[in-house]
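The values are calculated or read from the model by the stated rules, or taken from the named source; none is laboratory data. Bear in mind the structure is a predicted one, so any value in this text is a computation, not a measurement. Glycine also receives a Cβ, built like all others from the backbone with ideal geometry; neighbour counts cover every protein chain displayed. The accessibility values were calculated without ligands, DNA or RNA, using every heavy atom of the protein model including side chains. Shrake-Rupley method; radii C 1.70, N 1.55, O 1.52, S 1.80 Å.
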Amino acid sequence: MKNEKKKKANRKLESVGEDHISELPDAVIIHVLSFLPSTKLCVKTSILSKRWQLLWTYVPNIIISQSYDSIRSKLVKRVVEKTLALHSSSKLNEFFIQISSSHELYPSIESWLLFAVGKAVKSLILEFNERHARYLLPQFLYSNSHIRVLNTTLCEFVPDGRISLSALKELTIVRATLNDEVIQNILSGTPVLECLQLAFCYKINSLDLSLKPNLKKLVIYVKEYDPECYGYYFDLKIVGPYVETLRICCSWEFFKFKLMNMSSLVKATLDFEAIDDEYEYIKKSPHMVEELVENVLPAKQLQLTNLCTQALSTLRMDVMASLLSNLKSFDVDCRGEEYLRGIESVLKCSHKLEKFVIFFDYGRSRKSKSDRYRKGYWTNAEIPSCLDTHLKTIEISGLIRTRVVIEYLQFLLKNSRILDKMIIRNSNHKYGMKLAEKWSSFPRSSQQAVFLVATKW
């Protein structure tokens with residue numbers, strides 16, 4: 001029996017033919033290896049054959065990701081330094097170091113970075129996890145004409161002189177203590193910077209991008225509770241006349257933002273939350289969120305959540321009408337009547353709206369004392385003009401169970417005359433299909449509209 005199985009296996013191998021991968025030229029194989037997620041996996045391919053033993057050394061990426069305790073730090077150091085010694089590619093596209101318990105390796109990391117800079121690295125990513133012993137970036141990194149992407153986590157920027165990163169296009173800084181002087185030095189020394197992302201970076205009061213015509217994307221993130229910012233209050237003013245994509249996510253107790261001259265905005269996301277009672281917070285600071293929302297309303301694509309959605313209900317209709325003339329995509333969450341009032345106003349003022357994305361979580365909101373959305377309210381409600389002429393896609397998710405939510409969706413279906421599709425997002429595909437079947441039976445103006453179920457966000 002064993003011999004028969006061997007013969008069958010040999011016949012299968014013969015039918016497959018030769019190993020076509022081995023027929024490929026070295027350059028093609030090296031290119032394929034460059035897509036592997038780590039240098040460790042590239043090294044493992046050296047056991048395939050004699051020809052493959054050194055091919056990994058020509059891959060133009062070095063990706064080192066290690067999690068270890070202090071006892072193994074010497075071993076990690078030897079492995080990395082041997083890897084660098086064997087590396088034969090004359091250039092580096094990417095140099096990625098992700099190391100836990102990294103402070104013991106800081107003296108060695110500087111020599112590793114010198115190696116990467118010597119090979120004209122284009123993308124440099126440094127991710128450490130030592131909050132109380134952050135890595136101080138070496139001075140030679142502040143003057144470079146090859147790095148296009150720089151991503152740092154728990155690294156401190158303390159330049160001795162002027163920064164000159166003439167090729168840098170994308171900069172991401174996570175958990176660093178940056179003051180106005182340092183951030184201005186960074187901005188002045190990055191003439192072609194296109195994307196700036198700052199996460200958990202405190203002590204910046206001013207971000208003036210008025211001299212950065214290439215900077216089109218700005219992300220500010222301080223969302224989760226962070227003990228490092230406890231007890232501090234930050235007031236950040238952003239001037240961004242050339243910014244086209246803006247994303248701000250933060251816990252409002254710790255930050256106050258002021259946006260100025262955001263005249264080029266195309267896509268804006270505001271996600272502010274109050275760790276404590278958001279209703280009480282809005283009462284204490286009624287105009288802060290309103291001003292922010294007003295500054296992003298001219299964008300063509302708008303995403304608002306939490307406090308920002310609720311603030312819509314406090315804006316004057318004439319202000320909204322003057323600012324929402326270009327809105328084409330609106331992504332919002334609805335947690336109660338205060339939210340729905342603002343959403344209703346946006347749709348009335350957005351005459352060119354083509355896509356409407358809404359997440360329902362009505363159960364989280366306090367019950368309103370008013371009875372605005374009593375049964376039958378939508379029967380005589382004003383129909384937004386966008387439903388008649390522009391709205392083609394509606395995407396819904398969350399808790400679609402309460403009477404108010406169901407009646408509102410029925411109103412949208414009944415009056416959206418050119419609707420192409422309604423997308424129902426639900427992690428349970430079976431339940432999503434039941435919803436789609438149910439909604440497709442409701443009266444609707446657009447008979448060509450299809451109902452789709454999506455399980456991924």
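Structure summary
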{"item": "Relative contact order %, segment 339-457, counting alpha carbon pairs below 8 Å whose residues are six or more apart", "result": "25"}
{"item": "Accessible area, probe 1.4 Å, largest first, for residues Phe257, Phe359", "result": "Phe359, Phe257"}
{"item": "Under 13 Å from the Ser166 label point (7 Å along Cα→beta-carbon), backbone N, segment 105-135", "result": "none"}
{"item": "Packing-based order for 344-354, 106-116, 407-417, using average beta carbon neighbours within 10 Å, highest first", "result": "344-354, 407-417, 106-116"}
{"item": "Cβ-based charge dipole, the chain, positive-most Cα from Leu452, Asn93, Leu270", "result": "Leu452"}
{"item": "Value of relative contact order over the chain, rounded to a whole percent, pairs C-alpha under 8 Å and six or more apart", "result": "6"}
{"item": "Sequence-distant residues sharing a close amide H with Gln303 (under 5 Å, placed H)", "result": "Ala268, Thr269, Leu270, Asp331"}
{"item": "Contour excess over end-to-end distance, with Cα ends at Ala133 and Asp318 and 0.36 nm allotted per residue", "result": "61.3 nm"}
{"item": "At 1.002 mPa s and 20 °C, Stokes diffusion of the chain via Kirkwood alpha-carbon radius, µm² per second", "result": "82"}
{"item": "Cα→Cβ-extended label distance, 7 Å offset, between Ser90 and Ser210, nm", "result": "4.7"}
{"item": "Estimated dipole of the chain in Debye, rounded to 20 [Cβ of Lys and Arg +1, of Asp and Glu -1, Cα centre]", "result": "1980"}
{"item": "Whole-Hz ³J(HN,Hα) from phi, Karplus 6.51 cos²θ - 1.76 cosθ + 1.60, for segment 119-124, glycine and proline x", "result": "9, 6, 4, 9, 10, 10"}
{"item": "Trypsin sites (Lys or Arg not before Pro) within segment 74-159, DSSP loop, no more than 10 other Cβ atoms inside 10 Å", "result": "Lys91, Arg131"}
{"item": "Charged-residue dipole, Cβ positions (Lys, Arg, Asp, Glu), segment 134-243 about Cα centre, Debye nearest 20", "result": "340"}
{"item": "Cα-based helix-to-principal-axis angle, 403-415 vs the chain, degrees rounded to 10", "result": "90"}
{"item": "Greater than 24 Å apart at Cα, pairs in Lys267/Lys352; Lys122/Lys203; Lys328/Lys414; Lys216/Lys421; Lys300/Lys392; Lys122/Lys212", "result": "Lys122/Lys203; Lys216/Lys421"}
